[in-house]
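The values are calculated or read from the model by the stated rules, or taken from the named source; none is laboratory data. Just so it is clear, the model here is predicted, and its values are computed rather than measured. Neighbour counts run over all protein chains shown; Cβ positions are idealised from the backbone, glycine included.
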């Protein structure tokens, strides 16, 4: 990797976290040139070679580890044993960043072992990722993706008005928290080549999500207004929605200044002067009637035709992509977003940034303990110390 796209070259990161948030953070640091050492725990006789470092039983041979394991070296340490925690502390003492996600009162004391490594000249940023933070009445409560999304207040706004709140799919919460942890770590690192100093980052996942919901919080506290679930309909104007079309779905937004253009495109000039639809207030009061008109029109067009036609008319339309659509996207292809796994055929999402014209790459996911002997020798660890 050229130096100009590796600003963290020379930085050593120890990733002792088990979840996908920590893995996201570590991979971003690796993409910027850092050396990431992933501390994994013994397979403990399970097959096929599962890792407790991957959340909720995802095995190392699955798609998640194929993606999130990239960019790391792997060493196996038994953190249930005192020798393993001692070895972890010795690793941390020679690193500049350490990531962990132990629950605040976990009896193993991994976090305490890491803090004990700060002796003499040893200094590093310790990023602790937990559901609710390292203090407060909820600090020891376990949580999942669903629970965090629910308790952040965000879930209350997702779903149809007459239905129950809905969770967002995928691992968006963990990814969002990982990005926040990366930002926090980056803010602690010297920008002028100066010495690294010790910092403790307390990253509460639920606070990251609350920070992503500022409008609803301010609206309620300042105005006393409560935002309700709107489904795919926008709050401030209409059309702002998702409708079915000939081969899928399309998201459409029609500003008031472009309403005439949209009505003519639908071959419905009468909508320009009809008081039910001629202005934003009228359309907000009659969305169901307008939906019938728009859906009938869109049923004869593909999502590609709607997307291109809308953009050509200055209307911010967007096709609802499937995974297959994303993999075939000419935009993502031109920017070299997807890379290939070690098998040479499986496409994996790339890092979410480019430096200049270069998208950093992070290599393949390691096998369990693949670099263990090398790391143990380099850091002065022995088999008796959990390596």
Legend entry - Residue match in the range 53-73 (condition: assigned to a loop (DSSP other than H, G, I, E, B), over 22 Å from the mean Cα position of the chain (by Cα) and either closer than 24 Å to residue 342 by Cβ or at pLDDT 80 or above (or both)): no
Inset, instruction - Output the number of residues of the range 228-259 satisfying the condition of being part of a loop (DSSP other than H, G, I, E, B) and either within 25 Å of the chain's Cα centre (by Cα) or exposed (fewer than 14 other Cβ atoms within 10 Å of the Cβ) (or both). - result: 10
Inset, instruction - Please indicate, with yes or no, whether at least one residue in the range 37-44 is under 27 Å from residue 176 (Cβ atoms), in a loop (DSSP other than H, G, I, E, B) and modelled with pLDDT of 90 or more. - result: no
Legend entry - Verdict on residue 157 being within 18 Å of residue 21 (Cα to Cα), surrounded by 14 or more Cβ atoms within 10 Å (Cβ to Cβ) and under 22 Å from the mean Cα position of the chain (by Cα): no
Legend entry - Failed item in (1) over 23 Å from residue 24 (Cβ atoms); (2) within 22 Å of the chain's Cα centre (by Cα); (3) not in a helix (DSSP H, G or I), with residue 127 passing the rest: (1)
Legend entry - Extreme residue, farthest from the chain's Cα centre (by Cα), among residues of the range 260-302 that are assigned to a helix (DSSP H, G or I) and at pLDDT below 95: 282
Inset, instruction - Kindly indicate the residue of the range 304-336 that is in contact with a strand residue (DSSP E or B) (Cβ under 8 Å, 6 or more places away or on another chain) and within 20 Å of residue 169 (Cβ to Cβ) and also surrounded by the most Cβ atoms within 10 Å (Cβ to Cβ) among those meeting that condition. - result: 319
Inset, instruction - Can you run down the residue pairs with Cβ atoms below 6 Å, 6 or more apart or on separate chains, where the first is in the range 145-161 and assigned by TED's automatic domain parsing to the domain that holds residue 20 and at positive phi and the partner is part of a loop (DSSP other than H, G, I, E, B) and surrounded by fewer than 17 Cβ atoms within 10 Å (Cβ to Cβ)? - result: 153/213; 159/165; 159/166
